[in-house]
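> The structure that follows is given in the form of structure tokens.
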Amino acid sequence: MSRVTVIGAGYVGLVTAACMAEMGHQVTGMDIDQAKVERLRAGHMPIWEPGLAELMEANRERLSFTSDPTEAYRDGEFIFICVDTPPTYSGDADLSRIWQVIANLPPEDGTRILVTKSTVPVGTGAAIRAELAAKGYRHIDYCSNPEFLREGTAVHDFMNPDRVVVGADDSAICERVGTLYQSLDAPIIQTDVASAEMIKYASNAFLATKISFINEIANVCEATGADVRTVAHGMGLDKRIGPQFLQAGIGYGGSCFPKDVSALKQLAGNSGYHFQLLTAVIEVNELQKRRVIGKLKRHLGDELRGRRIALLGLAFKPNTDDIREASSIVLASRLLAEGAVVVAYDPVAMEGVRGLLPSVTLCSSADQALQDADACVLVTEWAELVGLDWAKARAVMASPVIIDGRNALDAGRLRALGFTYEGIGVGNPL
Ligand code: UDX
């Protein structure tokens, strides 16, 4: 058992805290947001993440929360930095919250290892170590330990990782941090700090590249009559390619891919290298979100003004309440700009949209959104939406047009019900 302090009670911090406690460690979670800490102490979850509340409840005796840095650092042998690093206007990562953590570290009082889980540009670890040295903090060692958690399955991903990456300049530090994870059945990769930082960026950028690649293939499939689902299946069976992240759709979103791809591109640019591939990955993704407009026009005519379009799903993917960089936001904005009446429903993620796009009418059910709609777009493939009573939907819609932005619906059945169905790259007979 080790004593672990986790700084930041967001997605990564809370999952790290709960899972570290589950692995038997004594954990103190710290966040500067006092109200959030109060809610956590009372057993309320500030985020929606399947399985997390249950895991926290089960490990209550090994898990405490505070907003007081002195209390948080007092006992921590390992101090995990899990604060967010949002993009700045320039596309670089904003590291101000990390520097705040460094500023609050206690002066000489026992050895500790500072472990960065937040995604940071390559070179940040070196800068942190230089800062620690400048402060004379020789008692604090440093390790990079990036996370690879997907929202919606973060607890499972933490407890069942494909690999654990620990990067430090001394293998003894890697060993000590690796020991925290010894109860997990996963390879522990020891690297230098810069390589650990790069593994995180390169992994996310590669997955985003895979998605943009299959989306471009989908667009060519549409022009040539091929079916991208069959193509992806045929490609994915090649072990060198693999089947994952080859699902064509209306673009990737979320708190990680858009931010990390842009930060890696920026990082390369700052070092004098033009990362051309990532420029294309970003552009393809932006265009992919907008292609739905063309599809709607093909079925409804060029004039979308006054047409009622129902967006089903707003979250950037199912099983999360997160709408950061979600394709739904760009799509809704474009439709509003065309003069369309946009109505929307999401099983969980509606609050954020209310503030962001006040002109979108939010409905309390999918049925309500579909009432009198001229077309509907499946934006997020929630099981609840895929499993709708589509015969009933057909009866209440003003015109039966479905754009399936995730290729998640049964096209044959919908056509048999009288719908005009169009997916993404699926050879679209009208
Ligand atoms: C991602 C990484 O998977 C994770 O390792 C990293 O730590 C954080 O970023 P997350 O953002 O939670 O996780 O979502 P993910 O499940 O990877 O999906 C990202 C986006 O890509 C979603 O918008 C999803 O709809 C889209 N996607 C994913 C596709 O369009 N096609 C695919 O085949 C896979």
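Quick note: the coordinates plus some simple rules give every number you see, no bench work behind them. This one's a predicted model, so the numbers in the text were calculated from it and none came from an experiment. Ideal geometry is used to build each Cβ from the backbone, glycine not excepted, and the neighbour counts take in all protein chains shown.
> Compute the signed sum of charges (Lys and Arg +1, Asp and Glu -1) over the other residues within less than 14 Å, Cβ to Cβ, of Gly125. List each step's numbers first, then the result.
Working: positive: Lys117, Arg129, Lys200; negative: Glu131, Asp141, Asp169, Asp170, Asp192, Glu197.
Net charge around Gly125: -3.
> Quickly estimate the mean residue ellipticity at 222 nm for the chain, helices only: each DSSP H run with n ≥ 4 gives -39500 (n - 2.57), and the total goes over all residues, rounded to 500.
-13000 deg cm²/dmol
> Still on this structure, I have one more. Pick out, in residue order, every one of the chymotrypsin sites (Phe, Trp or Tyr not before Pro) in the stretch 81-188 that is DSSP loop and has at most 12 other C-beta atoms within 10 Å; say none if there are none.
Sites meeting the loop and neighbour criteria: Tyr89.
> Average projected area of the Cα convex hull of the stretch 217-362, in nm²?
With the hull built on Cα positions only, its mean projection is 10.9 nm².
> Also, I was wondering about something else. Count the lysine pairs in the chain that are 8 or more places apart or on different chains: how many have C-alpha atoms under 17 angstrom apart?
14
> Highest mean first, how do 332-344, 210-222 rank when packing is the count of other Cβ atoms within 10 Å averaged over residues? Don't skip to the answer; put the middle values down first.
Values: 332-344: 18.9, 210-222: 20.5.
Packing order, densest peptide first, comes out as 210-222, 332-344.
> Order the peptides 403-411, 386-394 from the highest to the lowest mean number of other Cβ atoms within 10 Å of their residues.
Ranked from most to least packed, the peptides come out as 403-411, 386-394.
> Related question: Based on a Kirkwood Rh over C-alpha pairs, give the Stokes-Einstein translational diffusion coefficient of the stretch 3-191 at 4 °C and viscosity 1.567 mPa s in µm²/s.
Value of D from the Cα-based Kirkwood radius: 78 µm²/s.
> For a protection proxy built on the mean count of beta-carbon atoms within 10 angstrom, sort 48-61, 187-200, 241-254 highest first, please.
Ranked by mean Cβ neighbours within 10 Å, highest first: 241-254, 187-200, 48-61.
> Give me the distance between the Cα centres of the stretch 185-207 and the stretch 15-91, rounded to whole Å.
So the two Cα centres are separated by 23 Å.
> Here's something else I'd like to know. So which trypsin sites (Lys or Arg not before Pro) in the stretch 135-186 end up in coil per DSSP with only 10 or fewer other C-beta atoms within 10 Å?
Arg138
> With label points built 7 Å along Cα→Cβ from the Cα atoms of Asp410 and Thr191, find their separation and express it in nm.
4.4
> Here's a follow-up. Explain nothing, just the number: relative contact order of the chain, from Cα pairs under 8 Å at least 6 residues apart, as a whole percent.
Rounded, it is 12 percent for the chain.
> If you don't mind, another one. I need Glu151, Glu108 ordered by Cβ neighbour count within 10 Å, fewest first. Don't jump to the answer; show the numbers that get you there.
Working: Glu151 24, Glu108 10.
Going from sparsest to densest Cβ surroundings: Glu108, Glu151.
> Ok, one more. Report the normalised scattering of the chain as log10 I(q)/I(0) at q = 0.07, 0.12, 0.13 Å⁻¹, calculated by the Debye formula with identical scatterers on the alpha carbons.
-0.39, -1.02, -1.15
> A further question on this structure: Could you put Glu325, Glu351 in order, starting from the residue whose Cβ has the fewest other Cβ atoms within 10 Å?
Glu351, Glu325
> What net charge do the residues around Gly412 carry, taking every other residue with its C-beta under 15 Å from that of Gly412, with Lys and Arg at +1 and Asp and Glu at -1?
Taking every other residue near Gly412 into account, the sum is 0.
> Right, another one. Using the count of nearby Cβ atoms within 10 Å as a rough guide to exposure, how do Cys82, Cys19 rank from fewest to most?
On the way: Cys82 26, Cys19 23.
Neighbour counts put them in this order, fewest first: Cys19, Cys82.
> Ok, one more. Enter the Cα centre distance for the pair the stretch 260-282 and the stretch 352-430, rounded to the nearest angstrom.
With the stretch 260-282 and the stretch 352-430 each reduced to a Cα centre, they are spaced 36 Å.
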